[in-house]
Amino acid sequence: MSNYKLSIPIRFTKECQLYDKNNNVLFTINGFHRRIFERLLYLIRLQINLKGTDNNGTFVRVIHKPFKESGFKGKWDVFIYNFDKEVAHYSIINNTKIKTEMNMEYHKGNSIIKMTSSTLDKKLYFQELQSSKVVATGDMPRIYLKQLDYEILDNSFIESWEVPLLYYLFLSWK
């Protein structure tokens, strides 16, 4: 089990940083706009793009699919690059019906990781659907623009930076 924390900024385009238990920065995430029109769409939550980097040369881009393809549901393509060469391409689908309870699916290769939240116990759950195994949990902050503390239970399904990326995407979509 590995414990991590994420500092979440108020501004979308400002970097937020992922720390390990020794307060070393492992990953940075921030939102970006490719065009001015995308900035306008972000204001009404119809266009959200994220990018992130780690210390090992991995660069991640999360690109919102066009409104014609995703509608109000929200679908994203995740592109992972290692030293400017594309390594992987995954997808994220937002199935959230009620804005306080998140429900997103992260299609990563042959596995699907479902992210859900519970307002009763204030927890985030990341579950791999084929094995029905909880791979990560997190304490949901009372105020969304705060710090996220979480732990990875099984590193074989999810990377340390994927949990905050999905959570930050949900916060931005909200």
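The values are calculated or read from the model by the stated rules, or taken from the named source; none is laboratory data. Predicted model only: the values in this text are computed from it and were never measured. Ideal geometry is used to build each Cβ from the backbone, glycine not excepted, and the neighbour counts take in all protein chains shown.
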* Residues being surrounded by fewer than 16 Cβ atoms within 10 Å (Cβ to Cβ), part of a loop (DSSP other than H, G, I, E, B) and not β-branched (Val, Ile, Thr) - total across the stretch 90-108 -> 4
* To do: Go through (1) surrounded by fewer than 21 Cβ atoms within 10 Å (Cβ to Cβ); (2) under 16 Å from residue 18 (Cβ atoms); (3) at pLDDT 85 or above one by one and return the number of the condition residue 149 breaks.
  => (3)
* Just need a number here: residues in the stretch 119-137 that are under 15 Å from residue 154 (Cβ atoms), of a type in the set (Ser, Thr, Tyr) and part of a loop (DSSP other than H, G, I, E, B). => 2
* To do: Please work out which one of (1) at pLDDT below 85; (2) surrounded by 13 or more Cβ atoms within 10 Å (Cβ to Cβ); (3) under 27 Å from residue 56 (Cα atoms) is the condition residue 111 fails and give its number.
  => (1)
* If you scan the stretch 115-146, which residues turn out to be touching an Asp or Glu at 6+ places or on another chain (Cβ under 7 Å), modelled with pLDDT of 85 or more and farther than 19 Å from residue 5 by Cβ? -> 133
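Would the stretch 44-62 turn up any residue that is among the hydrophobic types (A, V, I, L, M, F, W, C), surrounded by 13 or more Cβ atoms within 10 Å (Cβ to Cβ) and modelled with pLDDT under 80?
Initial filter on the stretch 44-62 (among the hydrophobic types (A, V, I, L, M, F, W, C)): 44, 46, 48, 50, 59-60, 62.
Right, trim to surrounded by 13 or more Cβ atoms within 10 Å (Cβ to Cβ) and you get 46, 48, 50, 59-60, 62.
Next, only the ones that are modelled with pLDDT under 80 stay: 46, 48.
For the stretch 44-62, residues among the hydrophobic types (A, V, I, L, M, F, W, C), surrounded by 13 or more Cβ atoms within 10 Å (Cβ to Cβ) and modelled with pLDDT under 80: present.
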* Asked: What single numbered condition from (1) modelled with pLDDT under 85; (2) in contact with a Lys or Arg (Cβ under 9 Å, 6 or more places away or on another chain); (3) under 16 Å from residue 127 (Cβ atoms) fails to hold for residue 101?
  -> (2)
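Working carefully through the options 75, 5, 65, find the one that is within 24 Å of residue 114 (Cβ to Cβ), in contact with a Phe, Trp or Tyr (Cβ under 6 Å, 6 or more places away or on another chain) and either modelled with pLDDT of 85 or more or surrounded by 12 or more Cβ atoms within 10 Å (Cβ to Cβ) (or both).
Details: 75 fails: in contact with a Phe, Trp or Tyr (Cβ under 6 Å, 6 or more places away or on another chain); 65 fails: in contact with a Phe, Trp or Tyr (Cβ under 6 Å, 6 or more places away or on another chain).
That would be 5, the only listed residue that is within 24 Å of residue 114 (Cβ to Cβ), in contact with a Phe, Trp or Tyr (Cβ under 6 Å, 6 or more places away or on another chain) and either modelled with pLDDT of 85 or more or surrounded by 12 or more Cβ atoms within 10 Å (Cβ to Cβ) (or both).
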